[in-house]
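Below: one structure, written as structure tokens.
The values are calculated or read from the model by the stated rules, or taken from the named source; none is laboratory data. Note that the structure is predicted; figures quoted are calculated from it, not measured. Positions of Cβ are generated from backbone atoms using ideal geometry, with glycine treated the same way; all protein chains shown enter the neighbour counts.
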Amino acid sequence: MQGWCRQPDYWGRGPVNFADFEALTFDCYGTLIDWESGLLAELRPWARKHGLKQSDDEILTAFAAEESPIEEASPRKLYPAVLGDALRALGRRWGVTVTEAEATEFGGSVGRWPAFPDSAAALQYLKRHHKLVILSNVDRASFAKSKVKLGVEFDRVLTAEEIGSYKPDIRNFEYAIRTLGEMGIPREKILHVAQSRFHDIMPAKSLGLRTVWVNRRKGRVAGGATPTARGDAIPDLEVASMAELVEKHGAK
């Protein structure tokens, strides 16, 4: 039985009844793939090699500050090039010259980022009840490397590469709504699931989508690799993990 999940009234528009939704759309990096661990596995050795002493939180916060403006300014740039530019921006911030080899290596790192331990099992369970769609700020080639870690066949994969913009641009969500509409799934039957209130919850909510915030940083003060949301980013439901989402989904 697909469960009802209640939250206090200030969270949104009443309890989430999972049976109301035909499709779940997912952010990938930060929600299903552990992008912060992946980023740190690349950036921490780079920083130490250049004598930098920034903490993990300082590295992630600086990355968040540099990446999003690059995506906004160059919406058609493929994500590996965005990552390379973000590394160059971090170098300028901290007085380090970034080589082309370093930028290229970091740009190609997406496939090395690990999945969260609960992602594959959760997706396999949810696939039995809903269409599953990826809506990601990445290119198709990079996502293909991550997909093998997620253990499920998605019904659609929608990337910034084909859309021509990066979240939080509402064009990404309009594209998803339009694509699912062509599949016969109306807006009110879509539930968007994401870790980033900045990239996902805020713009999805502005278009009337119901939302689940997977708060992977619950209990930690720093914002990590995600910028602070600049508008209404209150989700309909908050969970700390995909495992908790499955637990609430199956609650009787």
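Computed quantities for the displayed model
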quantity	calculated
Pairs where the first residue, in region 206-221, is assigned by TED's automatic domain parsing to the domain that holds GLN195 and crowded, with 16+ Cβ neighbours inside 10 Å and the second is part of a loop (DSSP other than H, G, I, E, B) and of a type in the set (D, E, K, R), C-beta under 7 Å, 6+ apart	ARG210/ASP236; THR211/ASP236; VAL212/ASP236
Residue within region 31-47 that is modelled with pLDDT of 95 or more, in a loop (DSSP other than H, G, I, E, B) and touching a Leu at 6+ places or on another chain (Cβ under 9 Å) present	yes
Subset tally (residues that are among the hydroxyl-bearing types (Ser, Thr, Tyr), part of a loop (DSSP other than H, G, I, E, B) and modelled with pLDDT of 95 or more) for region 196-231	1
Counted residues, region 223-235 - those being within 22 Å of LEU60 (Cβ to Cβ) and exposed (fewer than 12 other Cβ atoms within 10 Å of the Cβ)	2
So ARG178, is it more than 19 Å from GLU67 (Cβ to Cβ), over 17 Å from the mean Cα position of the chain (by Cα), at pLDDT below 95 and not assigned by TED's automatic domain parsing to the domain that holds LEU40	no
Total residues in region 145-156, condition touching a residue at least 24 places away in the same chain (Cβ under 8 Å) and assigned to a helix (DSSP H, G or I)	2
Residue in region 119-132 that is basic (Lys, Arg) and over 25 Å from MET202 (Cβ atoms) present	yes
Count - residues of region 46-104 that are charged (D, E, K, R) and over 25 Å from SER196 (Cα atoms)	6
ALA222, sole failed condition from (1) under 23 Å from LEU126 (Cβ atoms); (2) touching a Leu at 6+ places or on another chain (Cβ under 8 Å)	(1)
Cross-chain or 6+ apart pairs with Cβ under 6 Å, region 50-70 first and modelled with pLDDT of 95 or more, then polar (S, T, N, Q)	ALA64/THR226
Region 21-79, residues that are buried (at least 22 other Cβ atoms within 10 Å of the Cβ), of a type in the set (A, V, I, L, M) and within 14 Å of the chain's Cα centre (by Cα)	LEU24, LEU32, ILE33, LEU39
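Quick grid of which residues meet (1) aliphatic (A, V, I, L, M); (2) closer than 29 Å to LEU40 by Cα; (3) in a loop (DSSP other than H, G, I, E, B); (4) within 16 Å of the chain's Cα centre (by Cα):
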{"position": "GLU162", "(1), (2), (3), (4)": "no, yes, no, no"}
{"position": "GLU174", "(1), (2), (3), (4)": "no, no, no, no"}
{"position": "GLY184", "(1), (2), (3), (4)": "no, no, yes, no"}
{"position": "GLU188", "(1), (2), (3), (4)": "no, no, no, no"}
{"position": "ALA233", "(1), (2), (3), (4)": "yes, yes, yes, yes"}
{"position": "GLU247", "(1), (2), (3), (4)": "no, no, no, no"}
{"position": "ALA251", "(1), (2), (3), (4)": "yes, no, yes, no"}
